[in-house]
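The values are calculated or read from the model by the stated rules, or taken from the named source; none is laboratory data. Not measured: the values here are computed from a predicted model. As a convention, Cβ positions derive from the backbone with ideal geometry for all residues, glycine included, and neighbour counts pool all protein chains shown.
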Amino acid sequence: MYLVRFIRWLLGTVRFTLRGIFSERFINLVYKNGLRLWGTQKREDGFDCYTVAGDYKRMHRLARATGVRIRVQEKRGAPFWLHRYRKRVGVVLGILLFCLFLGWMSRLCWTIEVVGNEAVSSEQIVQAVAESGIKRGANIKKIDLKSAEERTMVLLPGLSSISISNMGTTVVVEVKEVREKLPVVDASQPCNLVAAKKGRITRVLALEGNATVKVGEYVTEGQLLVTGVYEDRWGKALFKHSQGQVFAETEEEITFEIPLTELVKTPVGKVKNRHVLEILGFKVPLFFPGKLEGDYLSEVERQELSLFGLTLPITWHTQRITPVEVGSRELGEEEALGQAQARAQEYADSHYQGKEVQIRQTGGEMGDGAFRATFTLTCEQDIAQEQAVQR
C-alpha cells in the first residue's frame, strides 16, 4: 500500500469533480482507454474522483465527447511541487542531494548492539568485531558476516558461539559465552556419578542407579556416589546410565592480602571538560590540544545521540579532567578487614552465581606491611559428576 502511494506521489495525484448526465458513460470510457481512476464517490450532483496528472490531461478529450465537466479540486505530488519551485534551483538541488545523502547513509553501520554477554565486556566484543571489519561507518553491504564471525571467535576465546546480523543500520552481535561444564557421558553409555569436590552429603536424588552414600556422610573428590553397575539375581553384571543429583555442603578457603599503605588522590583544582564529536567513527576534537601537567584524574563519558527514538551514528564524548594531589595514608586493621570482606563477597558472587553462600572469617594477621585475611565459603550444591564405566 505504501509503495502504491509513493508511486502516485511521484506521478502526481489530482482530485477532481465530475458533473453531467453522462457521468457513468465517461467513467466507462476512462476504464476502456486504460486510464487510472480510483476513490470514486457519488455525490448529489455528480462524482468525486482521483487520477494521476498525466491521465487527467487525457480525460479532457473524453469529457468533451460525453458532454460532462471535470474540475480540479486538489493537486498533490512531485510534479506539482517541482513546478512550484522551478525557479528555486538551489532548493530543489539541495533536497535531491539530501535524499542521495540519506540513501548513502542507509548503507552504513550506525550502531553496534551486543547481546548475551556477561563475563566478556561489550567493549571487548565491539573492539574485536571492529578488527574483523565491522565498525561504525563501515558499508554493511560489503561486510562478509560469516568471515567476521570466524575472525571474532579467534580473537575472543571466551565465546562459545557468535551470530552477527544487521537490522537496517544497526549491527546486532549475539554471543554465547563459554561455561565451565562437568564432563557429560553419552546417554546410551553406562556411567557412575562421582563427587566433583569434597563435602558433607545433605540430599541424595538417585533417578537411575543405586546410591552408595547417605545423608550426613563426608565424601572426598572422586568418590563414588551413585553406581550404574549392579548384579541381577543370577549374579550377572548389569550396566545403567546413572542419573540424579547429590547435594553436599562444600567448603572453600580463600585468602586476601590488603596493603596497609594506600594511595590517596585529593582534588585540588578546577575540573576541565574536553569535548569530542564522533561521527561514523571519525573523531573531531572540539578543544585546543595542550599538554596536561601534574597529576590528574580523567573520566570519559559517552552519549549516543538519538532522534525520535532512532540512534544516530553520532557520539558526544566528554572528558572530565580533575587535577589531584597524590598522597598516602595508613590503613588500620578494621578498615583493611572491611576491604578483605568486600573482596570475599565479590569472589562469592562471581564463583557461586545463583547459590546461597555463607562467608566466615577463619583467620587474620598483620605483617610485612599488609593484612592477610582468610575466609571459608560454605555452600550447598550439586557435586554429582558423570564418569563413564568400562564394561
At least 3 residues that are within 30 Å of residue 104 (Cα to Cα) in each: list the strands (runs of 3 or more DSSP E) lying fully within the stretch 277-391 that qualify.
-> 282-285, 296-307, 310-330
What are the residues in the stretch 128-153 that are of a type outside the set (A, V, I, L, M, F, W, C), within 21 Å of residue 313 (Cβ to Cβ) and not in a helix (DSSP H, G or I), if any?
-> 132, 133, 135, 136, 137, 139
Has the stretch 241-262 got at least one residue that is surrounded by fewer than 11 Cβ atoms within 10 Å (Cβ to Cβ) and either without any contact (Cβ under 8 Å) to a residue 12 or more places away in the chain or hydrophobic (A, V, I, L, M, F, W, C) (or both)?
-> no
Of 123, 118, which residue is assigned to a helix (DSSP H, G or I), without any contact (Cβ under 8 Å) to a residue 60 or more places away in the chain and acidic (Asp, Glu)?
-> 123
Conditions (1) more than 15 Å from the chain's Cα centre (by Cα); (2) more than 30 Å from residue 350 (Cα to Cα); (3) surrounded by 12 or more Cβ atoms within 10 Å (Cβ to Cβ); (4) among the charged types (D, E, K, R): number failed by residue 146 | (3)
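Residues are listed down the side, and each one gets a yes or a no for (1) within 35 Å of the chain's Cα centre (by Cα); (2) of a type in the set (Asp, Glu):
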{"residue": "247", "(1), (2)": "no, no"}
{"residue": "253", "(1), (2)": "no, yes"}
{"residue": "257", "(1), (2)": "no, yes"}
{"residue": "260", "(1), (2)": "no, no"}
{"residue": "263", "(1), (2)": "no, no"}
{"residue": "283", "(1), (2)": "yes, no"}
{"residue": "337", "(1), (2)": "no, no"}
{"residue": "349", "(1), (2)": "yes, yes"}
{"residue": "354", "(1), (2)": "yes, no"}
Counting only residues that are at pLDDT below 90 and of a type in the set (Lys, Arg), which one in the stretch 155-207 is surrounded by the most Cβ atoms within 10 Å (Cβ to Cβ)?
-> 176
Return the residue satisfying two criteria in turn: it lies in the stretch 17-53 and is part of a strand (DSSP E or B) and in contact with a Ser or Thr (Cβ under 7 Å, 6 or more places away or on another chain), and of such residues it is surrounded by the most Cβ atoms within 10 Å (Cβ to Cβ).
-> 49
How many residues are within 30 Å of residue 139 (Cβ to Cβ) and assigned by TED's automatic domain parsing to the domain that holds residue 22 if we restrict to the stretch 52-106?
-> 1
Would you call residue 164 out of contact with any His (no Cβ under 9 Å at 6 or more places or on another chain), in a loop (DSSP other than H, G, I, E, B), not assigned by TED's automatic domain parsing to the domain that holds residue 212 and not aromatic (Phe, Trp, Tyr)?
-> no
From 284, 246, 271, which residue is within 30 Å of residue 208 (Cβ to Cβ), out of contact with any His (no Cβ under 6 Å at 6 or more places or on another chain) and of a type outside the set (S, T, N, Q)?
-> 246
Is it true that residue 265 is of a type in the set (Lys, Arg), at pLDDT 85 or above and in contact with an Asp or Glu (Cβ under 6 Å, 6 or more places away or on another chain)?
-> no
The condition from (1) farther than 30 Å from residue 373 by Cβ; (2) touching a residue at least 60 places away in the same chain (Cβ under 8 Å); (3) loosely packed, with under 13 Cβ neighbours inside 10 Å that residue 312 misses is numbered (3)
Residue 218 versus (1) without any contact (Cβ under 8 Å) to a residue 24 or more places away in the chain; (2) touching a Cys at 6+ places or on another chain (Cβ under 6 Å); (3) hydroxyl-bearing (Ser, Thr, Tyr): which is the lone unmet condition?
-> (2)
